[in-house]
Amino acid sequence: MLENNIAVGRAEKRWTQQQLADAVGVSRQTIVALEKNKYNPSLILAFKIANSLEKEITDVFKYEEGE
């Protein structure tokens with residue numbers, strides 16, 4: 001299962017979902033789905049998000065075996 005801290009990173013930067021979406025080239029609905037763990041990003045999108053939030057990818061996304 002892939003979990004993420006996107007909302008935490010956004011809060012630290014004081015960004016809205018739309019601002020992050022614009023920064024990485026996706027819709028706000030995609031960011032909503034990612035934050036709710038309803039959608040797993042491509043590797044490229046995951047790196048774009050981490051870079052935009054100025055974090056290491058492992059600080060934004062966490063993978064655990066199971067479910």
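The values are calculated or read from the model by the stated rules, or taken from the named source; none is laboratory data. Model, not experiment: these values are computed from the prediction. Positions of Cβ are generated from backbone atoms using ideal geometry, with glycine treated the same way; all protein chains shown enter the neighbour counts. Note: areas computed on protein heavy atoms with side chains; ligands, DNA, RNA excluded. Shrake-Rupley method; radii C 1.70, N 1.55, O 1.52, S 1.80 Å.
Tally up the residues in the stretch 4-50 that are among the charged types (D, E, K, R), open to solvent by 80 Å² or more (accessible area, probe 1.4 Å) and under 20 Å from Gly66 (Cα atoms), please.
Taking the stretch 4-50 as the starting set, the residues that turn out to be among the charged types (D, E, K, R) are 10, 12-14, 22, 28, 35-36, 38, 48.
Okay, now just the ones that are also open to solvent by 80 Å² or more (accessible area, probe 1.4 Å), so 12, 14, 22, 28, 36, 38, 48.
Retained after the next criterion (residues that are under 20 Å from Gly66 (Cα atoms)): 36, 38.
Final tally of qualifying residues: 2.
For the stretch 1-20, the set of residues classified as assigned to a helix (DSSP H, G or I) and either under 18 Å from Tyr39 (Cα atoms) or free of Cβ contacts under 8 Å to residues at least 40 places away in the same chain (or both) consists of Ile6, Ala7, Val8, Gly9, Arg10, Ala11, Gln17, Gln18, Gln19, Leu20, listed by residue number. Six or more apart or on different chains, Cβ under 7 Å: which pairs go from a residue in the stretch 21-48 that's within 15 Å of Val60 (Cβ to Cβ) to one that's among the hydroxyl-bearing types (Ser, Thr, Tyr) and open to solvent by less than 30 Å² (accessible area, probe 1.4 Å)? Could you list them? Between residues of the stretch 21-48 that are within 15 Å of Val60 (Cβ to Cβ) and residues that are among the hydroxyl-bearing types (Ser, Thr, Tyr) and open to solvent by less than 30 Å² (accessible area, probe 1.4 Å), the close pairs are Ala23/Ser52; Val24/Ser52.
Quick one: how many residues across the stretch 22-50 are over 14 Å from Asn5 (Cβ atoms) and not in a helix (DSSP H, G or I)? Can you show your working first?
Of the residues in the stretch 22-50, the ones over 14 Å from Asn5 (Cβ atoms) are 22-30, 32-33, 38-40, 42-45, 47-48.
Still in the list and also not in a helix (DSSP H, G or I): 25-27, 38-40, 42.
Residues that pass the stated criteria total 7.
What residue, among those in the stretch 51-63 that are more than 13 Å from Ala7 (Cα to Cα) and open to solvent by 80 Å² or more (accessible area, probe 1.4 Å), is farthest from the chain's Cα centre (by Cα)? The residue in question is Tyr63.
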